[in-house]
Every structure is written in structure tokens, then in C-alpha cells.
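A.B. asks: I have a structure I would like to understand better, so I am pasting it below and will then ask my questions one at a time.
The values are calculated or read from the model by the stated rules, or taken from the named source; none is laboratory data. Computed from a prediction, not measured in an experiment: that's the story for all the values here. Every residue, glycine as well, gets a Cβ built from its backbone with ideal geometry; the counts of neighbours run over all protein chains shown.
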């Protein structure tokens with residue numbers, strides 16, 4: 001560009017929109033929702049959000065208006081309070097946003113709540129510090145609730161819990177203990193229901209509820225099978241555990 005011509009201008013007829021409103025969505029996904037994850041899930045949400053006809057913010061005229069998620073959700077896992085965010089280029093009343101979203105959510109999803117947040121709030125993914133899961137154990141062959149409580153107490157008192165997980169096709173040892181914040185029996189059953197709180201570590205990654213169940217079974221000397229796992233919510237940095 002010739003230095004005398006001045007700064008580059010936006011193409012005529014394609015003004016750059018500005019972010020005006022940021023909405024925090026609280027979503028639920030049922031256990032029978034289509035098994036979508038990764039790119040498939042992102043595409044399904046792109047189509048759903050576009051169908052709302054809300055004034056979605058795009059960083060460039062040809063850009064796509066993305067849904068920002070707190071953390072990936074495994075494809076077969078139900079969820080009760082998943083946070084996600086969208087940004088609008090106009091200020092829209094809450095009832096209009098709610099109605100538009102309710103009509104267009106992907107199959108198996110529902111809107112639990114929504115509220116607007118400050119545009120300058122840090123990215124949602126960077127605020128997630130952990131997650132809370134509800135795990136229902138298979139009743140057949142499962143120890144009684146008191147035995148499970150005792151084993152859970154031993155895990156929480158341990159200095160380390162060395163486990164292995166696959167990474168790039170190779171088994172890698174890691175310490176699960178720093179990634180486990182809480183473990184308790186919430187329903188004695190049968191079936192026994194656990195609540196597991198995991199943490200996200202900047203270097204060690206995130207704790208997985210199925211690994212906590214496996215560690216519990218190892219401690220008890222018998223395999224324990226999870227009938228279902230539900231992610232109740234993600235824990236954000238400014239929220240209590």
C-alpha cells in the first residue's frame with residue numbers, strides 16, 4: 001500500500017459490526033440426545049444459533065458467529081447446567097433472546113437460564129476450574145454404601161493416586177489425586193449414587209469421573225461399574241465450589 005494513501009478501509013457495503021451484548025446461556029442436555037462431539041457438535045450449534053435470526057456478532061463480515069463453551073462435554077454424557085456464551089451486535093431484550101433460542105436448540109438440548117454479562121469478562125473457557133458429576137453405580141455386584149464411603153475417604157486422604165491413561169496411543173502414568181476435589185455418597189441406594197468434584201490443573205489436565213470410579217473399585221478390590229454419569233455443572237473461578 002502506498003504510504004500516502006492512508007490506512008486501509010473496510011470494503012464498501014460491508015461495515016464491521018461491534019459487540020454490544022454478551023449472553024451467558026445455561027443449558028441442559030438429555031441422555032438421549034444425538035451423540036455429537038467436537039466438530040459435529042459445533043456445526044449443529046452454528047446452524048441452531050444462525051436459525052434464531054438474532055443479530056449475532058461476527059469479527060469480520062464473512063466470519064462465523066460461534067458459541068463459546070466452558071469445557072468439552074463427552075458425546076454420551078447428560079448435562080444439567082452447561083454454560084455457553086453468544087455475543088450480539090445489537091442490544092436485545094431477554095425475552096426475545098429466550099424465545100429465539102428455545103425455538104431453535106439442537107435436539108436433546110434445553111435452555112435452563114440465561115443472563116447478560118459484561119463484555120469485558122474473561123473468556124468463559126478460561127474461567128472453568130473444575131466440574132461436578134453425579135454418578136449412578138450399577139446395583140448388581142456393587143458394595144453397600146458404607147463400604148463405598150470408607151473407600152472414598154481413603155482416596156481423599158491419599159497423598160497420591162497414580163493412574164494411567166492413553167495419550168497418543170501410549171499409556172501414560174499420572175497422579176489423579178490433585179485432580180480430585182471431593183467424593184461422597186449422596187444416595188445410599190441401591191443403586192449407590194456418588195457426587196464427584198474434579199479440578200482442572202494447568203499442567204496435569206482435568207480429572208475424569210470414570211477414572212475416579214475406577215480408582216474407587218481398585219481400592220475396594222473389585223470392579224465398580226457406572227450406570228450413568230451426569231455433569232451437574234462446571235465450576236467457574238468466581239463461584240463457590
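A.B. asks: Identify all residues within segment 210-241 that are part of a strand (DSSP E or B) and closer than 20 Å to residue 83 by Cα; write none if there are none.
C.D. replies: 229, 230, 231, 232, 233, 234, 235, 236
A.B. asks: Follow-up question, since we're still on this one. Go through segment 29-60 and count every residue that is surrounded by 18 or more Cβ atoms within 10 Å (Cβ to Cβ) and in a loop (DSSP other than H, G, I, E, B).
C.D. replies: The total comes to 5.
A.B. asks: Could I ask something else about it? Given the structure, is residue 126 loosely packed, with under 15 Cβ neighbours inside 10 Å and under 16 Å from the mean Cα position of the chain (by Cα)?
C.D. replies: Spelling it out, residue 126 is indeed loosely packed, with under 15 Cβ neighbours inside 10 Å and under 16 Å from the mean Cα position of the chain (by Cα).
A.B. asks: Any chance segment 103-110 includes a residue that's surrounded by 12 or more Cβ atoms within 10 Å (Cβ to Cβ), in a helix (DSSP H, G or I) and not assigned by TED's automatic domain parsing to the domain that holds residue 200?
C.D. replies: Yes: one or more hits.
A.B. asks: Same structure again: For segment 130-154, which positions are surrounded by fewer than 18 Cβ atoms within 10 Å (Cβ to Cβ) and within 20 Å of residue 176 (Cα to Cα)?
C.D. replies: Those that are surrounded by fewer than 18 Cβ atoms within 10 Å (Cβ to Cβ) and within 20 Å of residue 176 (Cα to Cα): 149, 150, 153, 154.
A.B. asks: Within segment 164-219, how many residues turn out to be at pLDDT 90 or above and under 29 Å from residue 140 (Cα atoms)?
C.D. replies: Number of matching residues: 32.
A.B. asks: Among the residues of segment 194-209, count how many are assigned to a helix (DSSP H, G or I) and surrounded by fewer than 15 Cβ atoms within 10 Å (Cβ to Cβ).
C.D. replies: Result for segment 194-209: 0.
A.B. asks: Please go through segment 57-94 and pick out each residue that is at pLDDT below 90 and more than 17 Å from the chain's Cα centre (by Cα).
C.D. replies: Within segment 57-94, 57, 58, 59, 60, 61, 62, 63, 64, 65 qualify.
A.B. asks: Consider residue 97 against the criteria (1) surrounded by 15 or more Cβ atoms within 10 Å (Cβ to Cβ); (2) farther than 30 Å from residue 218 by Cα; (3) out of contact with any strand residue (DSSP E or B) (no Cβ under 7 Å at 6 or more places or on another chain): it satisfies all of them except one. Which criterion is unmet?
C.D. replies: (3)
A.B. asks: Go through segment 156-179 and give me each residue that's surrounded by 10 or more Cβ atoms within 10 Å (Cβ to Cβ), farther than 18 Å from residue 200 by Cβ and out of contact with any strand residue (DSSP E or B) (no Cβ under 8 Å at 6 or more places or on another chain).
C.D. replies: Once the filter is applied, which keeps residues that are surrounded by 10 or more Cβ atoms within 10 Å (Cβ to Cβ), farther than 18 Å from residue 200 by Cβ and out of contact with any strand residue (DSSP E or B) (no Cβ under 8 Å at 6 or more places or on another chain), segment 156-179 yields only 158.
A.B. asks: Restricted to segment 147-178, and to residues that are without any contact (Cβ under 8 Å) to a residue 24 or more places away in the chain and assigned to a helix (DSSP H, G or I), which residue is nearest to residue 83 (Cα to Cα)?
C.D. replies: 177
A.B. asks: What are the pairs with Cβ atoms under 6 angstrom where one residue, in segment 26-47, is assigned by TED's automatic domain parsing to the domain that holds residue 101 and the other, located anywhere, is loosely packed, with under 13 Cβ neighbours inside 10 Å and in a helix (DSSP H, G or I)? Sequence gap at least six, or different chains.
C.D. replies: Cβ pairs passing all conditions: none.
A.B. asks: Next up: Search segment 72-89 for residues being in a strand (DSSP E or B) and out of contact with any helix residue (DSSP H, G or I) (no Cβ under 9 Å at 6 or more places or on another chain), and hand back the single one that is farthest from residue 130 (Cα to Cα).
C.D. replies: Out of the qualifying residues, it is 87.
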